[in-house]
Amino acid sequence: MRLPLYSNKIENRIHHVIVVAAGKGGVGKSTVSVMLAWALKRSGKKVGILDADLYGPSIRKMIPCDKIAKTEQGRHYPANTQGLLSLSFADFSNSLQSNSMRAPMIDQWIREMTQNTNWGTLDFLIIDCPPGTGDILLSLSQQIKIDNAVIVTTPQEIALLDVRRTIKYFEQTHVPILGIVENMSFLLTNGEKVELFGSGGGASLSQEFQLPLLAELPFIPKLGTLSDKGFHIFESSDPVYDDLKNEINRIVLNIALKKGGEPLFSL
Ligand code: ADP
């Protein structure tokens, strides 16, 4: 299944499009997208993040903006937060009315946010995809050239059933998957690892599909509040986020090195 309809309007200016996908919601896909975007930005890259989760856009809450997303003469401009560009479906006033959308509407919105948005020149566009392999992902695949995907999952089996379908979708559409991020793998209490949501899911997926396991991220109880307030881990000096920061930086490094293949970019 190849969906080669995208126009190359923005391809020349966005050098690398990475979709962050998951089988189901609530596994931390948006959180991981935002952390990756900040880590890439901090490594000196020009980065944009597109919240393509039309049914539950959450990125704007996590990335408040000092220069808001706007529309001028029919073109959209992403928000700018300390140099990180972002555009969320929530930035459009009619997004609130659009809880249920037929495929043509979804197509239209995805076109607005990709081809009709002035992203400028970017090293990376991170796309926070809705869970699963529905119309939004199909539209994205047709409207923008997706270079790579990162798969986010939690360790438990129920999440893994859905994530397999998502992995197969990228295989069928010939989008190389950079690897699997297992999120909320464990909670560290008094130096002991407590496995809140089972264990080994990411590792078994990695083995099954021969994909790198990029990281097993800890569950940090304070993270939800931090994100809800619009802060990211890299601007917090609380040592509780140190392991998470290291892991996210390691993912970026791993992606950059792209073990076994050509380096994706230099840091
Ligand atoms: P998704 O995009 O997959 O629906 P979110 O990124 O919105 O998931 O995360 C769901 C909830 O889990 C949010 O409240 C978020 O703050 C929280 N969360 C995500 N990852 C972690 C983590 N590693 N530790 C603690 N809370 C997390």
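The values are calculated or read from the model by the stated rules, or taken from the named source; none is laboratory data. The structure presented is a predicted model; accordingly, all values stated were derived computationally and were not measured. Cβ sites come from the backbone with ideal geometry, for glycine too, and all protein chains shown count toward neighbours. Accessible surface is based on the protein model in full, side chains and every heavy atom, while ligands, DNA and RNA are left aside. Shrake-Rupley method; radii C 1.70, N 1.55, O 1.52, S 1.80 Å.
Pairs of alpha-carbon atoms within less than 8 angstrom and 6+ residues apart define the contacts here; what relative contact order does the chain have, in percent? Can you show the working numbers first?
Working: 530 pairs, mean separation 64.2, N = 267.
Over the chain, the number comes to 24 percent.
Considering the dipole of segment 80-200 built from charges on the beta carbon (Lys and Arg +1, Asp and Glu -1) around the Cα centre, which of 139, 185, 199 is farthest to its positive end? Farthest along the dipole direction, towards plus: 139.
Could I get the Rg over Rh figure for the chain? Both from C-alpha atoms, Rh via Kirkwood, rounded to two places. Walk me through the numbers on the way to the answer.
Numbers: Rg = 17.5 Å, Rh = 18.6 Å.
Across the chain, the Cα-based Rg/Rh ratio is 0.94.
Using a 1.4 Å probe on the protein heavy atoms, what percent of the accessible area of the chain belongs to carbon and sulfur?
Numbers: 6200 of 12240 Å².
Result for the chain: 51 percent of the exposed heavy-atom area is carbon or sulfur.
In degrees from 0 to 90, rounded to the nearest 10, what is the angle of the helix 157-172 Cα long axis to the longest principal axis of the chain? For helix 157-172, the angle is close to 50 degrees. Taking each DSSP H run with n ≥ 4 as -39500 (n - 2.57) and averaging over every residue of the chain yields -9500 deg cm²/dmol at 222 nm.
Helix 29-42 versus the longest principal axis of the chain: what is the Cα-based angle in degrees, 0 to 90, to the nearest 10? Once rounded, one gets 80 degrees.
The spread of Cα positions in segment 52-170, taken along each principal axis and listed from longest to shortest, comes to 45, 32, 26 Å.
Dipole orientation for the chain: of the candidates 82, 109, 54, 109 has the Cα lying most toward the positive pole (charges on Cβ; Lys, Arg +1; Asp, Glu -1). Can you give the angle from 0 to 90° between the axis of helix 242-257 and the longest principal axis of the chain, with both taken from C-alpha atoms, to the nearest 10? It works out to around 60 degrees.
Distance from the C-alpha centroid of segment 216-239 to that of segment 32-70: 15 Å, rounded to the whole angstrom. How would you classify segment 24-95 from its alpha-carbon gyration tensor, with a ≥ b ≥ c the square roots of the eigenvalues: rounded for a/c under 1.5, else prolate if a/b is greater than b/c, otherwise oblate? Oblate, since a/c reaches 1.5 and b/c is not below a/b. If I build a Gaussian network model for the chain, linking alpha-carbon pairs within less than 10 angstrom, which residue out of 143, 108, 73 has the largest mean-square fluctuation? Among 143, 108, 73, the largest mean-square fluctuation in the Gaussian network model of the chain belongs to 73.
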